[in-house]
Amino acid sequence: MPSTTTSKVTRWDQHGREHVVRVQKAGVQRSLVCDTCGWRKNAQFLPWLKAEEHLTDAHQATVDPTTDRP
């Protein structure tokens, strides 16, 4: 049985609300789950890009907390 690991993609919207999509990895398959709306998707390739696209399209969450702000 393959081990499962979890990471997350976090973005904030223009109102300062945090939105998170969790990326769960089991073998080569990855499952995406949005903590905000419950959206789910399986993705074998580019799961973090698909998570970012969901956050942008569904929640207008585009502010990346890992980038430095001036």
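The values are calculated or read from the model by the stated rules, or taken from the named source; none is laboratory data. Just so we're clear, the structure is a prediction, and the values are computed from it rather than from any experiment. Counting neighbours? That spans all protein chains shown, and the Cβs are built from the backbone with ideal geometry, glycine included. Remember, those area values only see protein heavy atoms, side chains included, never the ligands or the DNA or RNA. Shrake-Rupley method; radii C 1.70, N 1.55, O 1.52, S 1.80 Å.
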Can you name the number of the only condition in (1) at pLDDT 90 or above; (2) surrounded by 10 or more Cβ atoms within 10 Å (Cβ to Cβ); (3) more than 12 Å from the chain's Cα centre (by Cα) that residue 55 fails?
(3)
Of all residues in the range 58-70, how many are open to solvent by 60 Å² or more (accessible area, probe 1.4 Å) and acidic (Asp, Glu)?
1
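Looking at this structure, is residue 61 assigned to a helix (DSSP H, G or I) and of a type in the set (A, V, I, L, M)?
no
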Of the residues in the range 25-35, how many are modelled with pLDDT of 95 or more and open to solvent by 70 Å² or more (accessible area, probe 1.4 Å)?
1
Could you check the range 36-52 and list, in sequence order, the residues that are crowded, with 17+ Cβ neighbours inside 10 Å and of a type in the set (A, V, I, L, M, F, W, C)?
51
By residue number, the members of the range 17-53 that are in a helix (DSSP H, G or I) and in contact with a Leu (Cβ under 7 Å, 6 or more places away or on another chain) are 47, 50, 51
